[in-house]
Every structure is written in structure tokens, then in C-alpha cells.
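Engineer: The structure's right below; bear with me while I get my questions together.
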Amino acid sequence: MPTTLVFGGSGQLGQCLQHVAQQRTITDIVFLPEEQADILSTETLQAVFAEYRPAYVINCAAYTAVDKAEDEVDIARRVNRDGAANLARLCGEYGATLIHISTDFVFAGTGNQPLTETDEAAPISVYGLTKLEGEQVIPQHTERYFILRTSWLYSEYANNFVKTMLRFGKEREEMRVIWDQLGTPTYAIDLAGCILHIIQTDNTAYGLYHYSNEGVTSWYDFAVAIFELGGLPTRTVPIRTAEYPTKATRPAFSVMDKTKAKTQLGVAIPHWRESLVVCMGRLK
Ligand SMILES: NC(=O)C1=CN([C@@H]2O[C@H](COP(=O)(O)OP(=O)(O)OC[C@H]3O[C@@H](n4cnc5c(N)ncnc54)[C@H](OP(=O)(O)O)[C@@H]3O)[C@@H](O)[C@H]2O)C=CC1
Ligand SMILES: Cc1cn([C@H]2C[C@H](O)[C@@H](COP(=O)(O)OP(=O)(O)O[C@H]3O[C@@H](C)C(=O)[C@@H](O)[C@H]3O)O2)c(=O)[nH]c1=O
């Protein structure tokens, strides 16, 4: 495989990429944690690009604390917008292809039909806004990019909803979980597989793509499935968003249409429950 650099290499998706790269015996891939490659340090980035001269750059680095971002607008914007711009600029200079990850939170979530890549983005949170700004700066620096919007990422690595539910579920008899926010969970291992597939197939259908698992669910139904598969007796109580106040507002409906990814990238996408079974098996 052509030389590939992964920024944000120790986050959830970064660790999933490491796992899948190992499974596929891909060796020409370098994982850079924040300590080694801060995407805000142009000096460090220049040195890293000059050393490796990558053909591909995968940007897994991001500011992902959705509620905290409401109070930390500046740092969220610097990482999610300026960091993306720094990488895109260098990719342009070096002729590398950038694979960047974005989010369903760029949508307002007021509709009820699966969202396509051409639907209007209108973020309702600082995190969503800064991620959209990141999407928008990339084409200003390079034409060779893939932006993959994904949603509700979970895996056996780092912190995520599945691990939170399992932890609380063991301690509590009852969990109150929102049922009026609909979307699709994405097993980060599946997304990692899709990213590496783009590189391994030398795909040049650059542009914006939606990628989540198949199907639709609510956080409540997702939690019910997690407890069921985890063999936990935890009672799950469906609540409305208003009953679970959070600093950031989240989209009520962010189900994404994956037709473009399936046709142009040639990926087969598992149903969210099928992938949850795999992840739960690994967590056990
Ligand atoms: N998690 C989710 O549910 C979803 C995530 N996404 C997107 O997917 C991508 C991957 O997310 P995920 O792996 O879950 O997120 P994580 O928060 O697990 O990983 C992000 C990584 O970026 C690192 N990072 C932060 N700032 C910098 C910086 N300045 N330079 C270099 N690295 C930095 C973080 O390091 P540290 O921890 O040390 O700060 C962390 O390791 C992100 O773009 C995110 O926006 C999209 C939809 C859903
Ligand atoms: C812990 C918990 C959460 N919830 C709700 C709150 C929220 O609406 C939903 C998910 O909460 P979390 O805080 O785990 O996840 P959240 O940070 O909202 O997840 C988002 O992260 C960013 C990075 C993304 O890009 C999004 O796609 C999405 O995955 O579940 C409950 O209803 N009950 C609970 O006990």
C-alpha cells in the first residue's frame, strides 16, 4: 500500500485503523498520536510531510467533546477547521490524497428522510459548526480529498456510547435514554475498513460521502440492544430530549443515505445490529 500517515492515531478511529491495518497486513502506514504530530503545529506538520512524503493522509484528529465545545469554541474551531486546513494545504503541496472524517452533526436534524450529500448542512452545535467549517476549507487547498461523514461511532476502543452503557448498566438498575433522536450507529472498525478500502483500491472518485452502518434506530433502542447483547438486566426507560438537558443541542434526525458510498466506493455496509454483535463479542 502507498505510504499513509494517520493523524489522531491514538483516538478511537485511529486505534480501529491500527487493528484493521494489522488484520490486512498493511505495513506502510504510520500512526501519529497528538504528542508526536499536533495538527495545529505547521512546523511539525511540515517536518512530518518532508520525512514521509505520504501518498495518503488520514485525518482522525478532532475536537469531539460535543457539550464542552459549547464553552470552548476557539479550541474546537482551531482543531476541527484550522487543523483540517493545515493538512489539506500540505496534501496539496505534496500531491497526497486526504481522507478526512466529518459528522452527522453538521445537519440540523429537522427532517425525516435519509440525508444525502447534497442536502443542506445547518449545524445546531459548536461541534457541528466547526466540523462543517473543516469540510468547507479542505477543497480550498486540494482537489484530492475524500470527506466521510459518519455518525454515532463506537468500538471496543476509547470512550463511546456502548462502553458508557455497559459501565453504567453494571452499576445501575435503570437507565433513562432518549428515544426521540434518530440516527444510525457506526462500528468504527467498519469505517476503518472502508477508509483502507479506498486506499487499497486506489479510488479516485474524490468528494463528500456518507458512511454509517445500515438501518435506523434511537439512542434508546440502541441502549436496549446493548443491554440485551451484554446480558445485563438493566431496565431502559425511554425519555424525551427535553428530559435529558445537555449543553449542546443534538439533531433529532440524522439518518444518512449511503447510496453514494456503496456505488462509488464499492463498499458493502453491515446493518448496525450485526456490527454491534461483533463488537460486543470482542468486548466480552
Ligand atoms: N466519536 C463519534 O461518535 C463520532 C466521531 N466522528 C468524527 O470521527 C473522527 C474520529 O473520532 P473519534 O476517533 O471517535 O474521536 P476521538 O476523540 O477518540 O479521537 C480524536 C483524536 O484526536 C486527537 N487530537 C485532538 N486534538 C488534536 C491535535 N491538535 N492534533 C492531533 N491530534 C489531536 C485526540 O487526542 P487527545 O485525546 O489527546 O485530545 C484524539 O486522540 C473525528 O473527526 C470525529 O469528529 C464523526 C461522527 C461520530
Ligand atoms: C449517557 C446517556 C446519554 N444519553 C443520550 C444523550 C445523547 O443524546 C445521546 C448520545 O450521548 P453521548 O454523549 O454518548 O454521545 P454524543 O457525544 O452526543 O455523540 C456524538 O458524538 C459526536 C462526536 C458525533 O460526531 C456524533 O455522531 C455523535 O456520535 O444519548 C441518554 O439519553 N442517557 C444517558 O444515560
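Derivation of every value follows stated rules applied to the coordinates shown; laboratory data play no part. In this text the structure is predicted, and so the values were computed from the model without any measurement. All Cβ positions, glycine included, derive from the backbone under ideal geometry; neighbour counts span all protein chains shown.
Engineer: Can you find a residue that is away from ligand 1 (no atom under 11 Å from the Cβ), part of a loop (DSSP other than H, G, I, E, B) and over 15 Å from the mean Cα position of the chain (by Cα) anywhere in segment 143-160?
Structural biologist: Restricting attention to segment 143-160, the residues satisfying the condition of being away from ligand 1 (no atom under 11 Å from the Cβ) are 143-146, 156.
Remaining after also requiring part of a loop (DSSP other than H, G, I, E, B): 143-144, 156.
Within this subset, residues satisfying the condition of being over 15 Å from the mean Cα position of the chain (by Cα) are 143-144.
For segment 143-160, residues away from ligand 1 (no atom under 11 Å from the Cβ), part of a loop (DSSP other than H, G, I, E, B) and over 15 Å from the mean Cα position of the chain (by Cα): present.
Engineer: Taking only segment 1-54 into account, find how many residues are within 14 Å of ligand 1 (Cβ to nearest atom), of a type outside the set (A, V, I, L, M, F, W, C), crowded, with 17+ Cβ neighbours inside 10 Å and more than 17 Å from TYR157 (Cβ to Cβ).
Structural biologist: 1
Engineer: If we scan segment 59-77, do we find a residue that is more than 16 Å from ligand 2 (Cβ to nearest atom) and crowded, with 18+ Cβ neighbours inside 10 Å?
Structural biologist: Among the residues of segment 59-77, not one is more than 16 Å from ligand 2 (Cβ to nearest atom) and crowded, with 18+ Cβ neighbours inside 10 Å, which makes the answer no.
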